[in-house]
Amino acid sequence: MSQGAELLRALEPPVRPAGSPAPSVKPASPIERRSFDELLRDAAAAAESTRAEPIRISAHALKRLEQMGIELNDGELQAIGEATDLAAAKGARESLMLMERLGLIVNIPNRTVITALNEQRMNEGIITQIDSTVWVKPSAEDSAAGPLEPT
């Protein structure tokens, strides 16, 4: 059972309109009663374990990056991971991650780069199937090295 479902079950009985009778059917199994503090701690631990997962790059995105002559370094991947964490905290599912001259569509729950967009593609003016946009800030070592250059 998902943590969200557990939280909803822990908050039973649900709110009902005034004057409506309580449900006559009892749950088949007893509801585990947990404090809000415990639920919050468990949710935070689950979120922390997700942050530890590395960013993955799909075969399609890898092909696009190769066509553009771009290879993401460890600092850039770390910055994308941090931006993914921020997007996840806001409830995003599909985000456009904007870097120096590169756009990445990232599936937030799976922590996977789905595709890469060059300047020309981004200048077409419309990008669909996203619910958020995140500016990816370069790490200190990346910004010291200058803008992202094709390799």
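Here are a few things to note about the model shown:
- Residue count, segment 51-84 (criterion: among the charged types (D, E, K, R), part of a helix (DSSP H, G or I) and surrounded by fewer than 17 Cβ atoms within 10 Å (Cβ to Cβ)): 5
- Filter result (in contact with a Lys or Arg (Cβ under 8 Å, 6 or more places away or on another chain) and surrounded by fewer than 15 Cβ atoms within 10 Å (Cβ to Cβ)) within segment 86-123: PRO109, ASN110, GLU119
- Count - residues of segment 90-121 that are in contact with a strand residue (DSSP E or B) (Cβ under 8 Å, 6 or more places away or on another chain) and outside any loop (DSSP other than H, G, I, E, B): 17
Throughout, read-outs are computed from the coordinates displayed, never taken from laboratory work. On a predicted model such as this, the values are computed, not experimentally measured, just so you know. Glycine gets a Cβ as well: all are built from the backbone with ideal geometry, and neighbour counts include every protein chain shown.
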